[in-house]
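Q: Below is the structure I would like to discuss, written out as structure tokens.
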Amino acid sequence: MRHKPIAGAFLVTLVCLFALTGQMAQAQSDTPTVVISQIYGGGGNSGATYTHDFIELFNPNTEPVSLAGWSVQYASATGTVWQRTELTGTIPAGGYYLVQQAQGSGGATPLPAPDAVGTIAMSSSRGKVALLRTTDLLARGTACPEGPSLMDLVGFGNTDCFTGGAAAPLLNNKSAAQRLTNGCTNTGGNGDDFQTGEPEPRNSISRAAECLPASVDRATPLPIQNRAALTVPVVSLRPAPSPTAISPTAISPTAISLNAISPTQTLDSSGIPLTSTLPVTAVVVPAGPYIRISQIYGGGGNAGATFTHDFVELYNPGSVAVDVGGWSLQYASATGKTWLVTPLTGTIAAGRFYLIQQAQGTGGSVPLPAPDAIGETAMSASNGKIALVPSTEPLIGVCPQDETIVDLVGYGSAECFEGSGPAPRPSNTLGLQRIDEGSRDSDDNRADFATFPPLPRRSD
């Protein structure tokens, strides 16, 4: 659901589907957008880690927003009686705001210090949450709210009210509804904007997220970034040639130049002006067909894991087979500069996957499908860097300046990543999957990956 940004106003339409009647609600905002970014109703339930339910808000703007006089309100999936928690204070630019709700009898971990406290006992599986620019309680009998004070609405599970074509997924005691790309994704559809994942409550002092401006074409390749290192005035990007078949010895990638250039220059391929403070270390645009890292799972054999091994999965989105003989997959820790090499062999057929088995843990009970390549790298379940390279020579540095890199994914707290930020933090039970069955590739790790239960796929 979109609302008025700082510099303009527009109408927001909420589509609320009812079991019998079907209704359309409209809301208009005259303040910067604030969205509901996470919902968790399993707090204190059986198997839960956290003691409390919570609702998390996110501010995608570049300025803080006062929430004084606002409220979050909750109703059951088909209910018409709403419960309210009033908000105070300010949500920082690119920051989060944590609203603690009812405590259950289970769980062992308290939430981080909340920014607001309520007592609503939310369902762990289904319901609807509204963010309103008022503290007035929604009227009894309201199944699907509307009006100018409505800022955001999320229906989850089999609810009768939601935005877009479908509700956010059904949840459970161990899973939360999380807005994609750290809260930045906002297409106006709950089903498209949310995924399930382990609850990760963030408050107003948590690390801020930076959303790409709406005017930026997400198809334009973004640079591999190093949080701690390089700053250059401007870069130039040369478009890749038309796709042709490739082999390990025939790769001719183009790369971002790291030489200082006049501040008046722009990205050649898009014409978008760049400032003098763009942080980059490298970017690679391979010529012809290329292979993507489509799935990463480092929780294999850990506590709570199903699978016995870590793994990395590759995907060939092209129309021709690609020979990966002589290539390697390389891994380094989130801030590490030592890269561990797993050589690859064989061919990845067009539209097919390639499974690379890594180290085995002491837990789990399900072996991976027969892998296409085997390594012994013990990967972190939560933070790290993965690079696909058309050679077996180890990469150098925290964020390698190697123009032959075919793909790179930084995840969790990684210091090196493609685009605006690293991919989300996975866990012992959740891996990272490239969105749209491996086909999304905007050269932005944060936008292209989401957490999902691991689903290893091999070449056949």
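Q: With respect to the numbered conditions (1) within 26 Å of THR49 (Cα to Cα); (2) under 16 Å from the mean Cα position of the chain (by Cα), which one is the sole condition not fulfilled by GLY410?
A: In the conditions (1) within 26 Å of THR49 (Cα to Cα); (2) under 16 Å from the mean Cα position of the chain (by Cα), GLY410 misses (1) alone.
Q: Where residues in segment 163-206 are touching a helix residue (DSSP H, G or I) at 6+ places or on another chain (Cβ under 6 Å) and either crowded, with 24+ Cβ neighbours inside 10 Å or of a type in the set (D, E, K, R) (or both), which of them is farthest from THR51 (Cα to Cα)?
A: THR163
Q: Considering ASN186, ASN182, which residue is closer than 24 Å to SER420 by Cα, assigned to a loop (DSSP other than H, G, I, E, B) and of a type outside the set (D, E, K, R)?
A: Residue meeting the stated conditions: ASN186.
Q: Every residue in segment 120-160 that is outside any loop (DSSP other than H, G, I, E, B) and either polar (S, T, N, Q) or without any contact (Cβ under 8 Å) to a residue 60 or more places away in the chain (or both), please.
A: Hits for segment 120-160 are LYS128, ALA130.
Q: Same structure, new question: Can you tell me which residue is surrounded by the fewest Cβ atoms within 10 Å (Cβ to Cβ) among those in segment 32-48 that are under 22 Å from the mean Cα position of the chain (by Cα) and in a loop (DSSP other than H, G, I, E, B)?
A: Ranking the candidates gives THR33 first.
Here is a yes/no grid of residues against (1) within 15 Å of the chain's Cα centre (by Cα); (2) at pLDDT below 95:
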position: ASP136; (1), (2): no, no
position: ARG140; (1), (2): no, yes
position: ASP160; (1), (2): no, yes
position: ASN186; (1), (2): yes, yes
position: GLY189; (1), (2): no, yes
position: GLN195; (1), (2): yes, yes
position: GLU198; (1), (2): yes, yes
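Q: Quick check on my filter: what residues within segment 103-119 are assigned to a strand (DSSP E or B) and surrounded by fewer than 17 Cβ atoms within 10 Å (Cβ to Cβ)?
A: Correct list: THR109, VAL117.
Q: Looking for something in contact with a Lys or Arg (Cβ under 9 Å, 6 or more places away or on another chain), of a type in the set (Gly, Ala, Ser) and surrounded by fewer than 20 Cβ atoms within 10 Å (Cβ to Cβ) - is there at least one such residue anywhere in segment 424-440?
A: Within segment 424-440, one or more residues are in contact with a Lys or Arg (Cβ under 9 Å, 6 or more places away or on another chain), of a type in the set (Gly, Ala, Ser) and surrounded by fewer than 20 Cβ atoms within 10 Å (Cβ to Cβ).
The values are calculated or read from the model by the stated rules, or taken from the named source; none is laboratory data. Bear in mind that the values here come from a model prediction, so they are computed numbers and not experimental data. Backbone-built Cβ (ideal geometry, glycine too); neighbour counts: all protein chains shown.
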